[in-house]
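Below is one structure, written out as C-alpha cells; the observations come after it.
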Amino acid sequence: MNKIILVGTSKGLVVYRHVENKWRIETTQFVGFPVSMVYVDERHGTWWVCLTHRHWGLKLHRSSDQGKSWEALPVPKYPEDAQLQSGQPATLRKIWTMQQAGPDRPTGLYLGTEPGGLFFSNNGGDSFELVESLWNHPSRKDQWFGAGRDHPFIHSIVVDPRNSNHLYVAVSCAGVFETMDGGNSWQARNNGLVAAYLPNPQAEIGHDPHRMFACAMQPDILWQQNHCGIYRSTDGGRQWTDIAGVNNFPNYGFAIAIDHRNPQRAWVIPAVSDEIRVAVNLALCVCRTEDGGQTWQELRQGLPQENCFDIVFRHAFANIDDVLVFGTTTGNLYLSENGGDQWTCLSGNLARVESICMTVG
C-alpha cells in the first residue's frame, strides 16, 4: 500500500502518491477552485473535498474511487429559524472540517462549519442536519464570537474510538465542548486555558483553540494548539496544562500534529502572533516534544532559515506515524519521513495551502 497526500489549495486539489520510493504528483483536480477542506474516511476509503468559491458558493464532493470520479452532494443548510448572534438568519459560510462518527456508525459523519454549527449525517453524507443541542447551547448567543472571521466556527471534531456517543468539538472563539450522550447535552471543557484577550482570561467560555486532537491509543490525552499557547490534557479535557516551551517558544501557531501510537509525542509549527503572522524570525521551524511538552526540540534541517514569510494554516499539517507533511500560505509543501529530523520541499509553486490529508491506498 502506497501513501497518498491530498493537498487542498486556493486553486485546486493536488494529489501526491508514493511510488517506487518517490513522491509524484498523480493528479490535479478542481483547478481554479479554492479547496477549503480535504478528508479521507478511513473506514471505507471515501475521499471528500469542499470547494469554497466567492461566486459559485460552497460545493461538497465525494469520491469512492480515489478521485477518479466525483459526486456532487448538497451542502448542509441551517434551519429557517436558526439565527446568528445579531438576530439575522444563519447561512453556511464555510465547511471547516469533517469527521467519521465511529466504527459502529459506518454511515455517520460530522461536519464543523461557520457560523459555529455542527452537522450530522446518518446516510454517508447524502444529507446533513444541524445538531441543535449545541447550536442552542446557552453560551452561544452571548459568548461565542469570531476570531479572524466574522463568526465563530467549528474546526476540530474528536470522536472517542471507545464510545461513539462521546465526542469533543473545538470552537473559535468559544472553546472546547464535550458530549457523553451522542450530542443531546454539552459541557464546556476549558479549565486551565487562558484567553489573554478577554477581561477575565480564565473565563469558562471564549477561548480560541486553533486545532485539537486526541491520541488514538489513549483517547483521554488531548492536545491543542491555542491562540494563547499549547495545551495538553491527560484527563479527557477536565483540566488543561500549558506546555509552551522555554521563553514561550514554541507558543503561538495554528497547526499541530500528534503521534497516535505515542501519547507523549507531538509537533507544532510556530508563528508570530496576531496581526503579524509570519514565521518566527523569518525562519521556518517545526518543534517536536517527546515527553508530553516538558521539553521541545527545534527541527530546522531542510527548511528555509532566511527571509521566510511562510505560515501554516490549522488544517495544513498531517502525518501518518513518522511521515509528516505541511503546506504553507506561500505555496510550499514540505515532507519529512523521519519524524521531522530532516525536511524536503516537494513543491515550491503551489497556491496557498488550505488543507492536507494523508492516507494509504
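Every read-out reported here was derived from the displayed coordinates using simple, explicitly stated rules and does not represent laboratory data. Quick caveat: nothing in here was measured; it's all calculated off a predicted structure. Using ideal geometry, Cβ is built from the backbone for each residue, glycine included, and neighbour counts are taken over all protein chains shown.
Using θ = phi - 60° and the Karplus curve 6.51 cos²θ - 1.76 cosθ + 1.60, what whole-Hz ³J(HN,Hα) does each residue of segment 223-233 get, with Gly and Pro shown as x?
Karplus-based 3J(HN,Hα) across segment 223-233 equals 10, 8, 8, 10, 4, 10, x, 10, 10, 9, 10 Hz.
222 nm [θ] for the chain, helices only, -39500 (n - 2.57) per DSSP H run of 4+, per residue, to 500?
Here the helix-only value at 222 nm equals -500 deg cm²/dmol.
May I ask you to list the lysines whose Cα is less than 29 Å away from that of Lys141, ignoring any residue fewer than eight positions away on the same chain?
In chain and number order, the partners are Lys59, Lys77, Lys94.
Using amide H atoms built in the peptide plane, which far-off residues or other-chain residues are under 5 Å from Asn226 H to H?
His210, Tyr231
Along segment 287-299, what does the Karplus equation 6.51 cos²θ - 1.76 cosθ + 1.60 (θ = phi - 60°) give for ³J(HN,Hα), rounded to whole Hz, x for Gly and Pro?
10, 10, 10, 10, 9, x, x, 5, 9, 10, 10, 8, 10
For the chain, set up a Gaussian network in which alpha carbons nearer than 10 Å are linked by springs, and say which option among Cys228, Cys50, Cys308 fluctuates the most.
Cys308
Where the only charges are on Cβ atoms (+1 Lys, Arg; -1 Asp, Glu), what is the dipole of the chain about its Cα centre, to the nearest 20 debye?
I would put it at about 680 debye.
Which far-off residues, 5 or more places away or on another chain, put their amide H under 5 Å from the one on Ala255, with H placed in the peptide plane?
Amide H neighbours of Ala255: Ile269.
Please state the shape class of the chain: rounded when a/c is under 1.5, otherwise prolate if a/b exceeds b/c and oblate if not, all from the C-alpha gyration tensor.
Rounded.
Which ³J(HN,Hα) values, rounded to whole Hz and listed in residue order, are derived for segment 49-55 from phi using the Karplus coefficients 6.51, -1.76 and 1.60 in 6.51 cos²θ - 1.76 cosθ + 1.60 with θ = phi - 60°, glycine and proline given as x?
Residue by residue, segment 49-55 yields 9, 10, 9, 10, 10, 4, 8 Hz.
Lys/Arg Cβ at +1, Asp/Glu Cβ at -1, dipole of segment 189-315 taken about the Cα centre: which of Trp240, Pro201, Leu282 is farthest positive-ward?
It is Trp240.
Hey, can you grab everything whose amide H is under 5 Å from the amide H of Met37? Only 5+ residues off in sequence or another chain; H modelled, so Pro and N-termini drop out.
Cys50
If the reach is capped at under 19 angstrom between alpha carbons, list the lysines near Lys22, excluding any in the same chain fewer than eight residues apart.
Partners found: Lys3.
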